[in-house]
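For reference, the structure is listed below as structure tokens.
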Amino acid sequence: MTSASTISSNARWKREFGSLWTSQGASVLGQQIGELAVPLLAVLVLHASAAELGLLALARWMPFLLLALPLGVVVDRARRRPLIITADWSRAALCLAIAAAAVTGVLTFPVLVALVAIIGCFTVLFEVSYQSVVPGIVPAAHLSSANARLQATSAAVEIGGPGLGGLLVQLLTAPFAMLANVAAYAVSAIAIGRIRTPEAPTGRTDTFIAELRDGLGYVRRDRYLLANLGFSALYNPFAQWIMVLFTLHAVTALGLDPAQLGLVLAIGAGGALVGSLLAARAVRRFGAGRPLLWCAVVECVVLLLVPVADAAWGDVLVILMLGGVFAVNGFGTAMSSVILVTIRQLRTPDRLLGRVNASMRWITYGTIAIGAAAGGFVGEVVGTRTGLAIGAALCLVTVVWVALSPLPRIGDPAGLAIAERREPHRVAEMAGP
């Protein structure tokens, strides 16, 4: 028989997770609209080149390389939810500043780069903090299901986000499209403020540098976390290399307008939604290892088709072909993300979660900055089509890493859980989304 206290506890964590879920969904919506609206603003209003788009993407992702590690220590010393609220309101204000500067005609490319870089700083704070909040709200046996829901929401938002961003740019112009970012970040801040679960900071346990080293050292010593890290650190920079060039290539070489470009990315996000929804089922049937290897192969190999698209095919065929490519890619990246995040949370004690998340973000998102800059430079030198082909070919290194790592041999990920992540008198099972 289920006791009243158990029912109350279940209702409480589900309610609190619902607020976190809403916050994450709104934040992702803001990021997705901005991911298309900002480069389009640079191309259509400031007439940016491939190299300048690479620089803009570098400004967006460089904060992960510079700030993820120290912010990880801060997150482990402080209450995490107030940090998320600070990050959201700050990003809302900065997006409003971009829109105002563009409308009044004072926006220049250096100013845009600077504002995007500052937004990136607060995005680092949000990313490191929110993933560290999840295990404090959700019981260990439900982590996989919670992560699947979060990933599915991201995928669902990504279906509408780019399409909405492209449509807003088409109808209202890029500056006014930025106002949707402001609203999304405001909703995220309000939702996270509704969580009432007590959150005590762990406080300082050592010097700042020593605590920073603890997070890096923990990842380095755990072979599953290290393999997890390599998967993302190799894939992410080349994926971003492709996206930096794809925006410019789609507009200038393929002749797609902002709404059509948004439609391509929205179709692609549909695959991500399916992948995230099927992740738990795939792991229950095949274990975690085989799906991770399959995802690595699928999400990398399909990118080789991106530079094949030709404007001579006509808009409809180009949109369907590219949408299909990004849908297959999104399916693989979403499914692998659910599994990788679950493994990371199961392998990490709560006192180190902020620093481990930060260490992972430092490398996996930091390499995005390098890939974005390299992609922009290569595209400037050899052209966007050839640059896309080079980026897709280099992405195949990810498959080699995953195949040689311990990841393909993982069965039930619950078997990897450290002691504090296991519920007493119960074997944790992977729940469906």
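General observations
- Qualifying residue in the stretch 321-335 (condition: under 23 Å from G275 (Cβ atoms) and without any contact (Cβ under 8 Å) to a residue 40 or more places away in the chain): yes
- The set of residues in the stretch 339-378 being of a type in the set (F, W, Y) and either open to solvent by less than 20 Å² (accessible area, probe 1.4 Å) or modelled with pLDDT under 85 (or both) consists of W362, Y365.
- The one condition in (1) farther than 24 Å from E380 by Cα; (2) surrounded by fewer than 24 Cβ atoms within 10 Å (Cβ to Cβ); (3) modelled with pLDDT of 80 or more that S49 fails to fulfil: (1)
- The stretch 367-387 residues that are more than 15 Å from E52 (Cβ to Cβ), paired with ones that are β-branched (V, I, T) and crowded, with 21+ Cβ neighbours inside 10 Å (beta carbon under 9 Å, 6 or more apart): G371/I242; G371/V244; T386/V378
- Flag if I159 is at pLDDT 90 or above, β-branched (V, I, T) and under 19 Å from G330 (Cβ atoms): no
- Selection status of I195, of a type in the set (A, V, I, L, M, F, W, C), modelled with pLDDT of 80 or more and under 25 Å from S90 (Cβ atoms): no
Residues are listed down the side, and each one gets a yes or a no for (1) modelled with pLDDT of 85 or more; (2) closer than 24 Å to A227 by Cβ; (3) of a type in the set (S, T, N, Q); (4) open to solvent by 20 Å² or more (accessible area, probe 1.4 Å):
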residue	(1), (2), (3), (4)
E380	yes, no, no, yes
I390	yes, no, no, yes
D412	no, yes, no, yes
A417	no, yes, no, no
E429	no, yes, no, yes
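- Pairs where the first residue, in the stretch 76-92, is closer than 16 Å to T22 by Cβ and touching a residue at least 60 places away in the same chain (Cβ under 8 Å) and the second is among the small types (G, A, S) and buried (at least 23 other Cβ atoms within 10 Å of the Cβ), C-beta under 6 Å, 6+ apart: I84/S129; D88/S188
To keep it simple, each residue is scored yes or no on (1) aliphatic (A, V, I, L, M); (2) touching a residue at least 60 places away in the same chain (Cβ under 8 Å).
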{"position": "V251", "(1), (2)": "yes, yes"}
{"position": "L263", "(1), (2)": "yes, yes"}
{"position": "I267", "(1), (2)": "yes, yes"}
{"position": "L277", "(1), (2)": "yes, yes"}
{"position": "V283", "(1), (2)": "yes, yes"}
{"position": "F286", "(1), (2)": "no, no"}
{"position": "L303", "(1), (2)": "yes, yes"}
{"position": "L317", "(1), (2)": "yes, no"}
{"position": "L352", "(1), (2)": "yes, yes"}
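- When every residue of the stretch 110-128 is checked against the conditions, none turns out to be open to solvent by 40 Å² or more (accessible area, probe 1.4 Å), more than 27 Å from G371 (Cβ to Cβ) and assigned to a helix (DSSP H, G or I).
- Scanning the stretch 365-389 for residues that are assigned to a helix (DSSP H, G or I) and more than 23 Å from the chain's Cα centre (by Cα) gives F377, V378, G379, E380, V381, V382, T384, R385, T386, G387, A389.
- Hits in the stretch 80-102 - residues which are of a type in the set (S, T, Y) and open to solvent by 50 Å² or more (accessible area, probe 1.4 Å): T86
The values are calculated or read from the model by the stated rules, or taken from the named source; none is laboratory data. Model, not experiment: these values are computed from the prediction. Heads up, the Cβs are rebuilt from the backbone with ideal geometry, glycines too, and the neighbour counts pull from every protein chain shown. Areas reflect the complete protein model, heavy atoms only, side chains present, ligands, DNA and RNA absent. Shrake-Rupley method; radii C 1.70, N 1.55, O 1.52, S 1.80 Å.
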